[in-house]
Each structure stands twice: as structure tokens, then as C-alpha cells.
Amino acid sequence: MEIRWLEDFMMLARTRHFSRAAELQHVSQPTFSRRIKLLEEAMGATLINRQTLPLSLTPAGERFLDLCQRVTRDVREVRSQIADMEAEVSARISVGSTQGLFSHFYQRWASDAGVADRLQLNLNATSWVGEQFLDALDGGECDLVLCYWHQDLPWSDRLGQGEYESIILAREWLVPVSVAADNGQPRFPLPGTAGQTVPLIGYHSRGFLQSAIESHLARIKESVNLLPLNENTQSASVKALVKQGFGMGWLPSRMTEKSEHFGSLTRAGDERWDVPLEIRLIRLREQRSDDFLTLWKTLENQHA
């Protein structure tokens with residue numbers, strides 16, 4: 001039984017005439033009559049008294065008409081609600097975020113900035129690495145990119161080519177951490193020695209963070225002896241391996257606060273080993289919708 005069959009029946013109940021009802025429903029009379037017959041077969045009762053002129057409804061038909069009116073009204077209301085929901089979703093601005101920033105920054109920032117209901121995360125971003133975020137922005141897979149940034153990224157010159165605009169939302173530090181030994185000192189302290197290298201739980205070479213660490217170590221000009229054990233695309237994976245005692249690693253300070261508070265992780269080195277980062281929101285410079293530009297201007301004013 002289809003909704004349009006119910007609409008056919010309501011039209012017949014209103015016009016009391018097969019030909020006129022068929023015309024108003026934009027179908028041929030044979031097709032229309034067949035639909036009414038199918039309705040009667042489905043209900044197991046005669047709904048139309050064809051012996052009267054004009055046609056009339058049987059008692060069963062009167063009861064069925066009430067059902068048709070309620071069902072079609074409910075369908076229209078739900079259809080309208082769904083359309084509103086779809087319009088709201090399509091109007092949201094898609095954000096591609098690194099997993100670490102989504103877990104430890106995005107939700108609070110979006111809420112504090114008053115834009116949470118206007119943004120929608122692109123969950124495909126969990127599989128993107130480094131420059132792929134900008135590629136996704138170029139390809140229209142997202143409207144905004146939320147990521148860590150620093151001047152030594154291999155592709156940092158892309159921001160200076162005029163195609164993008166960015167806002168610095170916050171500043172962050174990568175902090176070296178390790179599990180503690182029995183004496184409370186880090187089990188894997190920096191900088192290590194040639195004879196006792198420090199096992200490193202590192203980041204993917206194409207990600208946002210590994211090049212920041214390498215550049216910072218080069219700038220401080222202090223000998224460090226690291227033994228890279230593996231590469232990870234997510235800071236949560238680095239943290240998990242560090243907490244299991246496989247080595248030391250650099251973690252965003254927002255990820256270390258709770259762990260340091262409960263003593264499960266400790267610093268593997270003092271502040272000179274901390275790596276500075278920016279948290280940036282990036283968009284294409286090309287003209288966008290008025291709603292998008294209004295949101296962007298709001299965020300620019302908040303972080304001016």
C-alpha cells in the first residue's frame with residue numbers, strides 16, 4: 001500500500017467521482033480505479049458504494065478515510081521535519097581536524113567560541129596525515145582545517161602563496177614525557193648518551209609534529225641521543241606506548257595535564273626540550289557563502 005493510494009482515496013471521497021478524481025490526481029481513470037480496487041483488496045472490505053450517484057463511502061470507507069487523513073498528515077509533518085534537518089546539516093560548515101585536537105581541543109573551543117552548532121566534523125579526517133589536510137581543503141572535502149602548525153613544516157610555504165587564510169586559535173607545547181622509575185625520576189630521561197640511547201616513540205614523518213620536534217632539537221644545539229622505535233600518526237598512540245613503558249615521547253601539553261596530575265607520566269626533560277606549536281584554523285581564501293564569511297569574521301575578531 002502506497003501513500004499516493006491513500007491520497008487517491010481521499011480525492012475520491014472529496015469529489016465522489018472517479019473521472020474527476022483521476023484527473024485531479026493526474027492519472028488515467030483505469031489506473032485510478034485499479035488503485036482504489038487494490039486498496040479495497042488490501043483492507044478486505046468494500047470502501048466505495050458504487051450504486052449511489054454521486055458515489056458514497058461505505059461505513060468501512062468512512063473509517064478508512066479517517067485513517068488516510070491521519071497517516072498522510074503525519075507523513076507530511078515528518079517529511080517537513082526531515083527536510084528541515086537535512087537543510088540544517090547541509091548548512092553546517094565541515095571541519096577536518098586531527099584526532100588529537102578533536103579529542104583535547106575542538107569541543108571546548110567550539111563551545112566557548114559559540115560556533116559548535118554551526119560546525120560538523122568530517123570523520124574521514126581521522127585517516128588524513130599532514131599535508132593531506134590541505135589537499136582535502138583544496139578538493140572540497142572540508143571547509144575548514146583545524147591542525148597544529150609551525151614554521152618548519154615541509155609544506156608551510158603553502159600558506160604564504162595567497163590561497164589560504166588562517167587564524168591562530170591557541171598556542172601549544174609538545175612536552176617530553178616518560179613513565180617514572182621507582183625513584184620518581186623519568187625512566188627514559190633526555191638527552192641520553194652515546195652508550196645509553198633514549199628509546200623514542202615518534203610521529204609519522206609526514207605528519208604535523210615530527211618535523212617540529214626535529215627542528216626544535218636542531219635549534220637548541222644540544223646533543224641528544226635518541227633511538228626511534230616506531231612512527232605514529234596519532235598522539236593518542238604515542239601516549240599509549242609511552243604509558244606502557246616502551247620509551248619516551250613528545251605529547252601536546254593538553255594531553256599530559258591529567259596524566260601528570262595522577263603521576264602516571266612524568267617529564268623526560270626540562271622546559272628547554274618543550275617544542276612550541278600553534279593551533280590554527282585554515283580556510284581557502286576564495287569567496288564562500290555569507291554564513292561562512294560571517295562565522296570566519298566572528299572567529300577573527302575573537303582572536304585578533
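Where a number appears in this text, it was derived from the coordinates with a stated rule and is not lab data. In this text the structure is predicted, and so the values were computed from the model without any measurement. In this analysis, Cβ positions are derived from the backbone assuming ideal geometry, glycine residues included, and neighbour counts consider all displayed protein chains.
Distance from the C-alpha centroid of the stretch 220-279 to that of the stretch 1-49: 72 Å, rounded to the whole angstrom.
Of the residues THR266, THR193, THR72, the one that moves most in a GNM of the chain with alpha-carbon contacts below 10 Å is THR72.
Close amide H contacts of TYR164 (hydrogens built in the peptide plane, cut-off under 5 Å, sequence separation of 5 or more or a different chain): ARG285. Structure remark: mean-square fluctuation, Gaussian network model of the chain, C-alpha springs under 10 Å; the largest value among ASP66, ASP138, ASP290 belongs to ASP66.
Residue exposure proxy: SER28, SER103, SER211, ordered by other Cβ atoms within 10 angstrom of their Cβ from fewest to most, comes out as SER28, SER103, SER211.
With an 8 Å Cα cut-off and a minimum separation of 6 or more residues, compute the relative contact order for the chain in percent. Kindly include the intermediate steps, with their values, before the conclusion.
Values: 440 pairs, mean separation 58.9, N = 304.
Once divided by the residue count of the chain, the mean separation gives 19 percent.
Proximity of backbone amide H atoms, modeled 1.01 Å from N, is registered between LEU226 and VAL198 at under 5 Å, excluding neighbours fewer than 5 places apart on the same chain. Amide H contacts for SER56 (H built 1.01 Å from N in the peptide plane; partners 5 or more residues away or on another chain; cut-off under 5 Å): ASN49. For the chain, the 222 nm mean residue ellipticity estimated from helices alone, with every DSSP H stretch of n ≥ 4 adding -39500 (n - 2.57) and the total spread over all residues, rounds to -13000 deg cm²/dmol. Coupling constants for the stretch 201-217 follow from the phi torsions by the Karplus curve (6.51 cos²θ - 1.76 cosθ + 1.60, θ = phi - 60°), and in residue order they are 8, x, 10, 4, 5, 9, x, 7, 9, 4, 5, 5, 5, 4, 5, 5, 4 Hz; glycine and proline get x. Considering only ILE93, ILE167, ILE220, give the residue with the highest GNM mean-square fluctuation for the chain, with springs between Cα atoms whenever their separation is below 10 Å. Among ILE93, ILE167, ILE220, the largest mean-square fluctuation in the Gaussian network model of the chain belongs to ILE220. The mean sequence distance of close C-alpha pairs (under 8 Å, at least 6 residues apart), as a share of the length of the stretch 144-296, puts its relative contact order at 43 percent. Each residue of the stretch 169-186 was assigned a 3J(HN,Hα) from its phi angle through the Karplus curve 6.51 cos²θ - 1.76 cosθ + 1.60 (θ = phi - 60°); the sequence is 7, 6, 10, 9, 10, 8, 10, x, 9, 8, 5, 8, 7, 4, 7, x, 7, x Hz, with glycine and proline shown as x. Neighbour counting of Cβ atoms within 10 Å sorts the residues LEU134, LEU217, fewest neighbours leading, into LEU217, LEU134. Candidate values (i) 19.3, 60; (ii) 18.5, 56; (iii) 32.2, 106 were compared with Rg and Dmax of the Cα atoms in Å computed on the shown model; the agreeing label is (iii). Counted without the sites themselves, the longest stretch of the chain free of GluC sites (Glu not before Pro) in a DSSP loop having at most 14 other beta carbon atoms within 10 Å is 3-162. Across the stretch 266-275, computed HN-Hα scalar couplings (Karplus, 6.51 cos²θ - 1.76 cosθ + 1.60, θ = phi - 60°) run 9, 4, 9, x, 7, 5, 5, 8, 6, 9 Hz from first to last residue, x flagging Gly and Pro.
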